[in-house]
1. Projected onto the charge dipole of the stretch 66-181 (+1 at Lys/Arg Cβ, -1 at Asp/Glu Cβ, origin at the Cα centre), which of PHE116, PRO81, ALA179 gives the Cα projection farthest towards the positive end?
2. Looking at the stretch 134-167, which GluC sites (Glu not before Pro) are in a loop (DSSP not H, G, I, E or B) and have at most 14 other Cβ atoms within 10 Å?
3. Non-local amide H neighbours of TYR66 (under 5 Å, H modeled in plane, Pro and chain starts lacking H): which ones?
Amino acid sequence: MASSVDGEKAGEGLPIPVARDNVTFAELQNQQLKELEKRLADELKKKRHEWEKQVERMREEFLHLYPSNKEWGSDELINDPLVLKRRGSTDVLDSKKMRTLLLEYPDGGRRYKIPFDVSSFDARSVRVASDGDRIIVRAAKKEEGTTREYNRKVELPKEVDATKLKCFLTSDGVLVAEASLPPQTLNLTRKLSRSPSRSSSHHSIAPSTQGSVSPATSLPGGQKLGLPQFHGEEGERFLSLFIDIGLAFKPKEVTVQILKDNVIQVKAKHEERTSERLCKHKFCREYELTERIETYSLRAGLTEEGRLIVGALGKGHIGFSKKTGGDHVANGIAEGADLCNVLDLATFPPSAQ
């Protein structure tokens, strides 16, 4: 009886055909392995072709250095398809045209990469520095019996941390600067600030570091609160000053007065009436600067944490007009603070800025 039932079960279901081959099991596995190797070889050939195209694009996007004594007008345009705009002597590159500037890698990583052609220079003279917002390349070569200096200043994208930049110089004179980038996110909760970790061998104007002014972070370049400091090279000097004036004041209640081109005064006043009394808060302090400034460029801003940021162009700063200089400083400060009142008493008639 049991064998009859087993026989009925064996006949149930949809029959599946069995293919009979004239190869052994080992030969079948080797055949599948060869097919896999062919697919991988085709894929590798495709990737190599894409990589070679990318390397060729990078060659087309090599940046060249300019003579250090070249004079740039504030609104000067240059015939360079890779440059979106120029800020003084600094280039802002066009990431849409410079296709190898920001690269996506198969493992999901992102990298900032910028190549410079320094093949005509003495390799020992090549120097690279960053002020947090820019990468600056310098080199020298002999021309007509004398050594001439060249440089190139390029603005870094906001997402590039200057402390993570690495450079290498190839034997054929190609300097490549690169840095890993954070993963792309929506940044819905991010405020108007840049990474506080930016630092460098020398610093530009503090407000242009955009975010390193928060009380929760250290000041750039080891700067001290309440101590005016100048940064940058000759002809590109910037003033930065950080002051904790407290949380009692609103930006409109703070005024920075320019008494001379090397003396400023900070005043703040807040009154608040309660049912029992009138509360008054005042702040007044004068600061003597170690260098003179372009008074038209001074701007100030107050953060939510009660820190006042003051910035200005140093006297004789090149590359900015009165309008663009003030706007440059204001834009840097406005990234992390609300602008305050500025009154220039060093000129006649006095003017608000």
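1. Of the options given, the answer is ALA179.
2. Hits after loop and neighbour filter: GLU144.
3. Amide H neighbours of TYR66, under 5 Å, 5+ apart: ASN151, ARG152.
Coordinate-derived values only; no laboratory data. Just so you know, these numbers come straight off a predicted model, no measurement behind them. Heads up, the Cβs are rebuilt from the backbone with ideal geometry, glycines too, and the neighbour counts pull from every protein chain shown.
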